[in-house]
Amino acid sequence: RIVVGEDFGGGPAPNDVEAEGARLIARVRQHLRHAEHLELERVTVGLRPMPEDGMPVVGFAPDAPGVYLATMHSGVTLAPAIGRFATAEILDGARIELLEPYRPGRFVRNGGAG
């Protein structure tokens, strides 16, 4: 079994995910020897969240007690640090100063959601 993915530059999800999977398998066949018999088992499409301003959103939701958000475009590279920071904030009640510019409250406008 081979798991294959592709770089994502942004944009809408493909309309035909099966065709997208077939296209990806065709590309794999071009680059791997003896791959002519590969068959597509499953296609999944993940939508990457992109905050409105392109910056991470990290912290407790202002209007939803107990909801902690951690979303960002570069989630894989930031995951180790954000995981530690979120753990400290959620479990220990710490307030990580470094995260202040990225709080969800920056999207709240005039008492309502942004």
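Taking Val43 and the conditions (1) more than 30 Å from Val4 (Cα to Cα); (2) at pLDDT below 90; (3) in contact with a helix residue (DSSP H, G or I) (Cβ under 6 Å, 6 or more places away or on another chain), which numbered condition does it fall short on, given that it satisfies the others?
So Val43 meets the others, but not (1).
Can you name every residue in the stretch 82-112 that is open to solvent by 40 Å² or more (accessible area, probe 1.4 Å), more than 15 Å from Asp53 (Cβ to Cβ) and at pLDDT below 95?
Within the stretch 82-112, Asn110, Gly111 qualify.
Please verify whether the stretch 83-95 includes one or more residues that are outside any helix (DSSP H, G or I) and either of a type in the set (Phe, Trp, Tyr) or touching an Asp or Glu at 6+ places or on another chain (Cβ under 9 Å) (or both).
Yes, the stretch 83-95 contains a residue that is outside any helix (DSSP H, G or I) and either of a type in the set (Phe, Trp, Tyr) or touching an Asp or Glu at 6+ places or on another chain (Cβ under 9 Å) (or both).
Residue by residue through the stretch 5-31, note down the ones that are exposed (fewer than 12 other Cβ atoms within 10 Å of the Cβ), of a type in the set (A, V, I, L, M, F, W, C) and touching a Leu at 6+ places or on another chain (Cβ under 9 Å).
Residue satisfying the conditions is Ala13 alone.
Kindly indicate whether any position in the stretch 35-44 is aliphatic (A, V, I, L, M) and either touching a Lys or Arg at 6+ places or on another chain (Cβ under 6 Å) or outside any loop (DSSP other than H, G, I, E, B) (or both). If you could, list the steps in order and put the result at the bottom.
Just the residues of the stretch 35-44 that are aliphatic (A, V, I, L, M), to begin with: 35, 38, 40, 43.
Adding the requirement that they be either touching a Lys or Arg at 6+ places or on another chain (Cβ under 6 Å) or outside any loop (DSSP other than H, G, I, E, B) (or both) leaves 35.
Yes: one or more hits.
Check Gly59 against each of (1) touching a strand residue (DSSP E or B) at 6+ places or on another chain (Cβ under 7 Å); (2) in a loop (DSSP other than H, G, I, E, B); (3) over 30 Å from Ile2 (Cβ atoms) and name the one condition it does not meet.
Looking at each condition in turn, Gly59 falls short on (2).
Given the conditions (1) among the hydrophobic types (A, V, I, L, M, F, W, C); (2) surrounded by fewer than 10 Cβ atoms within 10 Å (Cβ to Cβ); (3) assigned to a helix (DSSP H, G or I), and given that Leu47 satisfies all but one, which numbered condition is not satisfied?
The single condition Leu47 does not satisfy is (3).
The values are calculated or read from the model by the stated rules, or taken from the named source; none is laboratory data. Keep in mind the model is a prediction, meaning the values are calculated, not measured. No Cβ is skipped: glycine too gets one built from the backbone with ideal geometry, and neighbour counts run over all protein chains shown. Each accessible area value is taken on the protein alone, full model and side chains, heavy atoms only, with ligands, DNA and RNA left out. Shrake-Rupley method; radii C 1.70, N 1.55, O 1.52, S 1.80 Å.
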